[in-house]
Structure formats: C-alpha cells, structure tokens
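The values are calculated or read from the model by the stated rules, or taken from the named source; none is laboratory data. These figures come from a predicted structure and were not determined experimentally. Don't worry about glycine lacking a Cβ; one is built from the backbone with ideal geometry, like all the others, and counts go over all protein chains shown.
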Amino acid sequence: MKLRFTGLTLATLILPSTANAQVTVQMANIRCDQYLAMPPSQQEKFSAWMSGWFSYQTSTPWVDLMGYRQNIANVTAWCQRYPNEKIMSGLKAATGTQ
C-alpha cells in the first residue's frame, strides 16, 4: 500500500511538468508554401489568428466577415503566385496595406 502511494505521488509530480511543454512559432516568418501545405482546418485557424493580429496592428476594431473571406481568398491567390514569400507580405498585398 505504501509503495503504491509513493508511486502515485511520484507519477503525479512528474506528469504536470511534462504536460506543460510549449512550442513557440514566429507567425510572421511563415512562408506561403508552408501556409498552402497546411490542412484546411489548420489553414482556417492560422487565417483567423493572422486576421486578428493584423487587425490589431492596423487599429481595426471590427470584423467584416465578408471582407475576411475575401482577404483569405486574396492571400491564397497571392501565395500561389509567390510561394517563397512570407505570408505577411501576402496579407499586406492582399489588403492594400503597407
């Protein structure tokens, strides 16, 4: 019984430290070819994150859902033409923002 309790306590102490691993991704360094290679569900999440970040950078406090979809289509088309460019360049070009 004491051995089981000790083992359970040890496992409880070890598990939280391994479960909290974090990965840092520099979003602005993602290239178009990497974006285009993402599965659709990951592309959707990435696009939403970038849209929110870009809106913050340009002090845009609203979301235009039709504009959002059009921006994604524009960025995707731009990325297909320039696969080695960074996605941030495509976002700026697609939205006409410099």
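If I ask for residues that are of a type in the set (G, A, S) and touching a Phe, Trp or Tyr at 6+ places or on another chain (Cβ under 7 Å), which ones from the stretch 63-98 would you list? Even if it seems obvious, please write down each step before you answer.
So the first thing to find is which residues in the stretch 63-98 are of a type in the set (G, A, S), and the list is 67, 73, 77, 89-90, 93-94, 96.
Residues satisfying the conditions are G90, A93, A94.
Conditions tested, residue by residue: (1) of a type in the set (S, T, N, Q); (2) modelled with pLDDT under 85.
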{"position": "T12", "(1), (2)": "yes, yes"}
{"position": "Q43", "(1), (2)": "yes, no"}
{"position": "F54", "(1), (2)": "no, yes"}
{"position": "R69", "(1), (2)": "no, no"}
{"position": "V75", "(1), (2)": "no, no"}
Can you give me the number of residues within the stretch 42-52 that are surrounded by 15 or more Cβ atoms within 10 Å (Cβ to Cβ) and not aliphatic (A, V, I, L, M)? 4
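In the stretch 53-98, how many residues are assigned to a helix (DSSP H, G or I), among the charged types (D, E, K, R) and either surrounded by 14 or more Cβ atoms within 10 Å (Cβ to Cβ) or in contact with a strand residue (DSSP E or B) (Cβ under 9 Å, 6 or more places away or on another chain) (or both)?
Here is the first cut: in the stretch 53-98, the residues assigned to a helix (DSSP H, G or I) are 53-57, 65-81, 87-95.
Now narrow it down to the ones that are among the charged types (D, E, K, R): 69, 81, 92.
When the remaining residues are screened for being either surrounded by 14 or more Cβ atoms within 10 Å (Cβ to Cβ) or in contact with a strand residue (DSSP E or B) (Cβ under 9 Å, 6 or more places away or on another chain) (or both), the result is 92.
Within the stretch 53-98, residues that are assigned to a helix (DSSP H, G or I), among the charged types (D, E, K, R) and either surrounded by 14 or more Cβ atoms within 10 Å (Cβ to Cβ) or in contact with a strand residue (DSSP E or B) (Cβ under 9 Å, 6 or more places away or on another chain) (or both) number 1.
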